[in-house]
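Comments concern the structure below.
A short reminder: the numbers here are calculations on the coordinates, not readings from a lab. Note that this is a predicted model, so its numbers are computed, not measured. Note that we place each Cβ from the backbone using ideal geometry, even for glycine, and neighbour counts take in every protein chain shown.
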Amino acid sequence: MRPIPRLLAVLALALGVVLALLVGLGGLSPAAADPGSTLFAKPDGTGTACTQASPCALQTALSRAGDGDTIYAAAGTYTGTGSAVITITKSITLYGGWDGAASGPVVRDPALYPTVLDGEWARRVVSITGPATVTLEGLTIARGKVVSTTAPTQGTRWDGAGLYARDATLTLRHTRFYSNVVDVSDVSNSWAYGGGAAVEGGHLVVEASTFRWNSAWARQSSLGGGLSISGTLTAAVTGVLFQDNDAWHASGLYFGGAPGPLASFTLRDSTFVDNGRNYSVGRAWGGYAGALKVFQARATIEGNTFMRNIAGNDYGAVWVFLSDLQFSRNFLLSNECGGVSALYLYEVSPFTVTNNIIAGNKSTSIWQYPAALVRKSDGRFLHNTIARNRSTYGVQVDGGANLVLTNTILVSHTVGITVAAGSTATLEATLWGSGPWANGTDWGGNGTVVTGTVNIWGDPAFVDPAGGNYHIGPGSAAINAGVNAGVATDIDGDPRPIGAGYDIGADEYIARIYLPLVLRNY
């Protein structure tokens with residue numbers, strides 16, 4: 001044997017001895033944990049094998065599953081008995097949309113192979129309890145019902161006809177909540193939360209999902225026709241459609257943080273349309289906050305569309321209070337109510353409202369209301385377009401609020417901005433409009449209004465306001481007329497500035513072809 005191989009052999013033997021000693025003494029970490037088993041279920045599944053070749057019933061798979069396991073549910077409709085179609089108490093992943101093939105690679109496509117969990121309007125669909133980590137993906141959760149004869153989740157509170165989760169770490173992805181109803185209108189002092197889904201405590205992520213035709217209704221009040229989130233530590237909602245849902249408060253989505261430090265709430269790239277109109281399958285209709293209500297949160301609301309939502313009483317689209325807020329790149333279009341038609345901020349400090357279009361919203365009251373109300377709050381409006389809202393005021397500032405508005409298009413209102421006694425609005429670089437886009441009065445009220453050094457009366461030259469497109473065209477008086485407010489992009493993500501200066505309003509002009517504003521493909 002040559003010297004080098006002999007040396008390697010000696011070293012290998014020595015290393016083996018050391019490793020053996022370390023294992024015997026517990027000095028090495030144990031082998032990696034089993035990543036979990038994979039189980040398969042079909043609506044007509046039988047037996048207990050739960051394999052791809054021999055799938056079992058979904059209830060059997062859930063009973064067999066342990067923490068870390070994955071279940072594939074084949075296309076078809078799954079029903080149940082008792083209080084819920086399925087109950088989850090372990091940390092599992094449940095995938096819908098499996099094609100059901102007995103062998104070969106697992107193929108999932110929820111659109112081609114829909115997996116429907118059906119409450120038959122007789123029971124809740126999904127119940128999740130305990131500190132479990134759960135992922136639901138590619139499912140349709142439909143026709144869940146919670147009524148007065150269902151045991152309340154606590155006190156006089158009934159929650160979540162499609163799904164109820166408590167103290168879980170929950171991810172919902174590519175999941176549809178259709179036609180779920182909480183209705184306890186026959187119980188005095190009753191509260192209803194989350195027609196489609198109610199999540200209480202824990203952590204929540206919702207991505208690329210849909211809430212439609214869900215309803216929450218109760219004698220005292222109801223919150224979150226589509227989705228209610230309360231007491232969570234963190235919640236993130238991204239790319240979700242809320243359509244045709246109803247509740248007395250927040251027909252689309254309600255978020256209420258727990259007492260103490262503000263909970264983190266993020267809402268991005270989502271669409272709220274036609275909520276609060278009594279289009280759902282239940283008896284509910286919108287009273288306050290037609291789309292969204294946020295309470296006690298550290299909130300980021302970015303890149304969303306709020307359109308054609310209705311609140312019979314007040315706050316047509318968005319109501320935020322007792323929070324701090326970053327509100328940017330949102331479209332608030334054609335919302336309607338009896339009071340504040342688009343955006344209401346109450347005791348929200350600090351806040352920044354940046355690169356938003358608030359246009360075509362309507363107050364149906366005979367009294368005087370704004371499209372955007374800032375009350376008892378301190379913050380900034382930067383690069384916003386507030387136009388042709390059928391309300392008395394474009395913006396109202398009261399309750400001792402202090403508002404700074406920079407680079408604002410504020411056109412076509414009876415009064416552009418009104419400031420009540422004890423409140424202050426400080427403006428710079430404002431396009432007030434002219435001709436058909438002029439305000440009746442640009443500013444008013446008994447408070448302090450500082451209009452700054454850059455005030456422009458001219459045509460905003462919107463691309464297609466009749467079609468809801470409030471981007472500015474090439475002849476706009478807003479182009480290169482603003483000041484540097486420290487905002488590097490516009491509502492579309494285009495850089496600022498593009499030309500010789502900063503454009504006023506939400507849009508930085510760039511020559512392009514605009515397609516009609518349509519719903520995203522969910």
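Based on the Kirkwood radius over alpha-carbon pairs, what is the Stokes-Einstein translational diffusion coefficient of segment 409-522 at 37 °C with 0.692 mPa s viscosity, in µm²/s?
215 µm²/s
Using only C-alpha atoms and all pairs of different ones, pull out the Kirkwood radius for segment 284-325 in Å with one decimal.
10.8 Å
In degrees between 0 and 90, to the nearest 10, how far off the longest principal axis of the chain does helix 3-25 point, with axes built from Cα atoms?
Value to nearest ten degrees: 80.
May I have the pair-distance distribution P(r) for segment 392-460, computed from all Cα-Cα distances with 10 Å bins from 0 and rounded to whole percent?
Once binned at 10 Å, the Cα pair distances of segment 392-460 give 24, 55, 19, 1.
Starting from one equal scatterer on each C-alpha and no solvent at all, send me the Debye-based log10 I(q)/I(0) for segment 80-135 at q = 0.19, 0.26, 0.27 Å⁻¹, two decimals.
Normalising to I(0) and taking log10 leaves -0.83, -1.02, -1.03.
Just to compare against my own numbers: the Cα pair-distance distribution for segment 31-97, 5 Å bins, whole % per bin, please.
Reading upward from the zero bin: 4, 18, 29, 25, 15, 5, 2, 1, 0.
What Kirkwood Rh does segment 146-219 have if only Cα atoms enter the pairwise 1/r average? Answer in Å.
12.5 Å is the Kirkwood radius here.
In Å and from the alpha-carbon atoms only, list the Rg and Dmax of segment 252-390.
Just the Cα atoms of segment 252-390 yield Rg and Dmax of 13.8, 40 Å.
What lysines could a cross-link reach from Lys362, if we take a straight Cα to Cα line under 21 Å and drop same-chain neighbours fewer than 8 places away?
Lys293
Would you mind getting me the FRET efficiency between Thr426 and Arg219? Use the beta-carbon distance for r and R0 = 35 Å, nearest 0.05.
0.15
What is the log10 of I(q)/I(0) for segment 324-480, computed with the Debye formula using one identical point scatterer on each Cα and no solvent, at q = 0.13 Å⁻¹?
-0.51
For segment 150-289, divide the Cα radius of gyration by the Kirkwood radius and give the resulting Rg/Rh value with two decimals.
With Rg and the Kirkwood Rh in hand, the quotient comes to 0.94.
Which values, in whole Å and largest first, are the semi-axes of the equivalent ellipsoid of segment 458-506 obtained as the square root of 5 times each eigenvalue of the Cα gyration tensor?
19, 13, 8
Please quote Rg/Rh for segment 235-275 to two decimal places, taking the Kirkwood radius as Rh and restricting both calculations to Cα atoms.
We get a ratio of 1.02 for segment 235-275.
Specify, per residue and in Å³, the volume enclosed by the convex hull of the alpha carbon atoms belonging to segment 114-170.
So the per-residue Cα hull volume is 66 Å³.
Counting only C-alpha contacts under 8 Å and six or more residues apart, can you give the relative contact order of the chain as a whole percent?
Normalised by residue count, the contact order of the chain is 6 percent.
Just the number, please: Stokes-Einstein D of segment 242-299 in µm²/s, Kirkwood Rh from C-alpha pairs, 37 °C, 0.692 mPa s.
It comes out at roughly 277 µm²/s.
If R0 is 35 Å, what FRET efficiency do you get for Val107 and Asn278 from their C-beta distance, rounded to 0.05?
0.30
Ranked highest first by the average count of other Cβ atoms within 10 Å around their residues, in what order do 220-232, 186-198, 40-52 fall?
220-232, 186-198, 40-52
Let me check against my output: what whole-number percent is the relative contact order of segment 261-389, with C-alpha pairs under 8 Å and at least 6 apart?
Worked out over segment 261-389, it gives 20 percent.
Less than 17 Å from a label point 7 Å out along the Cα-to-Cβ axis of Gln154: which backbone N atoms in segment 230-266 qualify, by residue?
Zone members listed by number: 230-234, 255-261, 263.
Rounded to the nearest 500, what is the 222 nm mean residue ellipticity of the chain from helices alone, with -39500 (n - 2.57) per DSSP H run of 4+ residues and division by all residues?
Helix-only estimate at 222 nm: -2000 deg cm²/dmol.
Just how far, in whole angstrom, is segment 387-410 from segment 458-488 if you go by their alpha carbon centroids?
17 Å
Please state, rounded to one decimal and in Å, the Kirkwood hydrodynamic radius that segment 202-284 gives when every pair of distinct Cα atoms enters the mean of 1/r.
12.8 Å
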